[in-house]
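Heads up: the structure comes next, in structure tokens.
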């Protein structure tokens, strides 16, 4: 694993860290490839059930989770490497995966950095954070999902204003609008995200993963398709080994020991 994106495990949780603080964690080709490798590692490990994505902001006077695309890389003709075949931008924003990822944001997430956050499943942020799509200020458009994911997350009116002005949304406002799940003090985002991940991993992983699929599809699929997906999810969990464990643990008044099978 590259040191530009680090990967470590803590129990059932994969902790993935954007590690380019000197470049405001901007995405270049190396970051994109390393992010895709980190997600590959998380998905392939049966002992890992969820991921937390944080950023190293050490030495930054104004913390930046991610400033988006590395404009120096684009200007040098290296733009194609900022996307991977499976993950697209940053090796992450369109990556298919079964395991949820929590973004732990302590600082500014702008442009492609905001699109990385929008591609996560849950967001924990500090009250000094902000989220913006500033592309219009540079005659660009948010091409990594921001133009449709931000309206889904906070509503069309608020998203339209943020996208057309290019001005960032403060963390408190993002929390009120529903983009941020939990709001904490500076320096506490990762710790709170890990607590949230622990709460999730206490539950049956198959049920978590199957439920996640239906919730994500609810943004674009019609009711008939969602019914089929829900029935499929129900079939998956009902035929699993963990169903008997869940019922037995309830009867015996003990914590279940999930296997993910």
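The values are calculated or read from the model by the stated rules, or taken from the named source; none is laboratory data. Keep in mind it's a predicted model, so treat the numbers as computed, not measured. Glycine gets a Cβ as well: all are built from the backbone with ideal geometry, and neighbour counts include every protein chain shown.
Consider the stretch 207-232 and keep the residues that are touching a helix residue (DSSP H, G or I) at 6+ places or on another chain (Cβ under 8 Å), touching a residue at least 24 places away in the same chain (Cβ under 8 Å) and surrounded by 12 or more Cβ atoms within 10 Å (Cβ to Cβ). The one that is nearest to residue 148 (Cα to Cα) is 213. Answer yes if at least one residue in the stretch 234-242 is touching a residue at least 60 places away in the same chain (Cβ under 8 Å), surrounded by fewer than 18 Cβ atoms within 10 Å (Cβ to Cβ) and assigned to a helix (DSSP H, G or I), and no otherwise. For the stretch 234-242, residues touching a residue at least 60 places away in the same chain (Cβ under 8 Å), surrounded by fewer than 18 Cβ atoms within 10 Å (Cβ to Cβ) and assigned to a helix (DSSP H, G or I): absent. Against the test of being modelled with pLDDT under 95 and either surrounded by 21 or more Cβ atoms within 10 Å (Cβ to Cβ) or closer than 21 Å to residue 15 by Cα (or both), the options 71, 82, 53 yield a single qualifying residue, 82. Checked against (1) more than 30 Å from residue 46 (Cα to Cα); (2) in a loop (DSSP other than H, G, I, E, B), residue 97 passes all but a single condition, namely (1). Residue check: residue 172 meets all listed conditions (1) surrounded by 16 or more Cβ atoms within 10 Å (Cβ to Cβ); (2) in contact (Cβ under 8 Å) with a residue 24 or more places away in the chain but one, namely (1).
Residue-wise test of (1) modelled with pLDDT of 95 or more; (2) more than 28 Å from residue 153 (Cα to Cα); (3) in contact with a strand residue (DSSP E or B) (Cβ under 8 Å, 6 or more places away or on another chain); (4) not assigned by TED's automatic domain parsing to the domain that holds residue 12.
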| residue | (1), (2), (3), (4) |
| --- | --- |
| 211 | yes, no, no, yes |
| 214 | yes, no, no, yes |
| 219 | no, no, no, yes |
| 224 | yes, no, no, yes |
| 228 | yes, no, no, yes |
| 233 | yes, no, no, yes |
| 241 | no, yes, no, yes |
| 244 | no, yes, no, yes |
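Only residues that are surrounded by 15 or more Cβ atoms within 10 Å (Cβ to Cβ) and not in a strand (DSSP E or B) were counted across the stretch 56-68, and they come to 6. Pairs are defined by a Cβ separation below 6 Å, a sequence spacing of at least 6 or placement on different chains, a first member in the stretch 118-142 that is buried (at least 17 other Cβ atoms within 10 Å of the Cβ), and a second member that is assigned to a loop (DSSP other than H, G, I, E, B) and modelled with pLDDT under 95; the pairs so defined are 133/142; 135/141; 135/142. Take residue 150 and tell me if it is surrounded by 21 or more Cβ atoms within 10 Å (Cβ to Cβ), not in a loop (DSSP other than H, G, I, E, B) and not assigned by TED's automatic domain parsing to the domain that holds residue 221. It is true that residue 150 is surrounded by 21 or more Cβ atoms within 10 Å (Cβ to Cβ), not in a loop (DSSP other than H, G, I, E, B) and not assigned by TED's automatic domain parsing to the domain that holds residue 221. Within the stretch 175-193, being assigned to a helix (DSSP H, G or I) and either buried (at least 21 other Cβ atoms within 10 Å of the Cβ) or in contact with a strand residue (DSSP E or B) (Cβ under 6 Å, 6 or more places away or on another chain) (or both) holds for 175, 189, 190, 192, 193.
Please work out if residue 162 is more than 24 Å from residue 51 (Cα to Cα) and in a helix (DSSP H, G or I). So residue 162 passes the test.
Mind checking whether some residue in the stretch 121-129 is within 28 Å of residue 250 (Cβ to Cβ) and under 17 Å from the mean Cα position of the chain (by Cα)? The answer is yes, given that some residue of the stretch 121-129 is within 28 Å of residue 250 (Cβ to Cβ) and under 17 Å from the mean Cα position of the chain (by Cα). When the stretch 3-33 is filtered for residues that are part of a strand (DSSP E or B) and touching a helix residue (DSSP H, G or I) at 6+ places or on another chain (Cβ under 6 Å), the ones remaining, listed by number, are 5, 7, 13, 14, 16, 27.
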